[in-house]
Structures are given as C-alpha cells and as structure tokens.
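Before I ask anything, here is the structure I am working with.
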Amino acid sequence: MTCPFCQRLTDGTFVSENAFAVAFLDAYPLSEGHCVVVPRRHEPDFFALTAEELGAVWTLASSVRQSINTSRVPNGYNLGVNVGRAAGQTVDHAHLHVVPRYHGDVSDPRGGVRWIIPARAAYWKDH
C-alpha cells in the first residue's frame, strides 16, 4: 500500500517546506487551515525521527502558524502527534497536526487534547 503522505510529497503543493520536512493542508481537516507537517523521509514513528528532522518539523509548525494567521483569524491552536495504532495513528508516516481553533468551534474547549480519553478529560470537575 502506498503511503498517502509520500504521495503528497511528490505533488509539490506545500504550505511551507524546508530541507527535511514539508507542510500541507490536511485532507480531512478538523478546522479551516488544519495542516500536517511531515518529514520528507518516510518514517512511521515520530520518536524515531532524527534531530534534524524533529527540528525541521517544529520550525515548520511555526511557519504554518504564521501562514494560517495571515489568511484566517484563529483564536488558538492545538498541536497533535499520534504515535502508533493505540494512539490513533492512521497514516504510517510520522506527522504533526497544526489545528487552528476558533471561538465557538466546540461548546467547551477546556481540556483540549485531553478529550482523547473522554472519561478523564474534564479533570476540573473533580476539584
């Protein structure tokens, strides 16, 4: 099976790029402007990326944010990495989600990424 991110690497339609990574719009966006940043090298495990690749990915995350901020007016961001099937990784190519957030996009955004395990997300209700 062909990696969809490796295929996207060949089409050259990027939001931003550098020597070790590229960023493009997510094919199934959670919000307007949702992008993924991927290393150019095919590697399924985010933790197996080299120091140069990790640096390139995080540098592009900042570049993507600047790009989104010029075309939209988000009120916040979620950054996300899923590593392995148990964590929800569906594309076996390491990647970082850059998800712009907007006031009112969900009724209560508190907890952010903590909602991956809903029963533990609203920790503030226990205090």
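The numbers here are math on the coordinates, done by the rules we state, and not lab data. This one's a predicted model, so the numbers in the text were calculated from it and none came from an experiment. In this analysis, Cβ positions are derived from the backbone assuming ideal geometry, glycine residues included, and neighbour counts consider all displayed protein chains.
For an R0 of 30 angstrom, estimate the FRET efficiency from the Cβ-Cβ distance between VAL73 and SER107 and round to the nearest 0.05.
FRET efficiency, VAL73 to SER107: 0.90.
Next up: Largest first, please: the extent of the C-alpha atoms of the chain along each principal axis, to the nearest Å.
So the three principal-axis extents are 47, 35, 27 Å.
Here's something else I'd like to know. Below 8 Å between Cα atoms, with a sequence gap of 6+, how large is the relative contact order for the chain in percent?
With pairs under 8 Å counted, the relative contact order is 26 percent.
What is the distance, in nm, between label points placed 7 Å from the Cα along the Cα-to-Cβ direction at ARG85 and at GLU52?
It is 3.3 nm.
Is it possible to state the helix-based mean residue ellipticity at 222 nm for the chain, with each DSSP H run of 4+ residues giving -39500 (n - 2.57), the sum divided by total residues, to the nearest 500 deg cm²/dmol? What is it?
-8000 deg cm²/dmol
I'd like to know which of LEU60, VAL15, VAL106 lies farthest towards the positive end of the charge dipole of the chain, counting +1 on Cβ of Lys and Arg and -1 on Cβ of Asp and Glu.
VAL106
Further question on the same structure: Given the Cα-Cα distance of ASP11 and ASP26 and 0.36 nm per residue of separation, how much length would full extension add, in nm?
4.0 nm
Provide the gained length on full extension for the span ILE117 to ARG41, in nm with one decimal, where the gain is 0.36 nm per separating residue minus the Cα-Cα distance.
Result for the pair: 24.3 nm of gain on full extension.
Now, a different point. Compare the Cα positions of THR70, VAL37, THR50 along the charge dipole of the stretch 28-70 (+1 at Cβ of Lys, Arg; -1 at Cβ of Asp, Glu; about the Cα centre) and return the one farthest towards the positive end.
Checked the options; the winner is THR70.
Could you let me know the centre-to-centre spacing of the stretch 77-127 and the stretch 28-44, using Cα atoms, in angstrom?
Result: 15 Å between the Cα centres.
For ALA94, which sequence-distant residues (separation of 5 or more, or a different chain) have an amide H within less than 5 Å of its own amide H, given hydrogens modelled in the peptide plane?
Hits under the 5 Å cutoff: GLU43, ASP45.
About the Cα centre of the chain, how large is the charge dipole given +1 on each Lys and Arg Cβ and -1 on each Asp and Glu Cβ? Please answer in debye to the nearest 20.
340 debye
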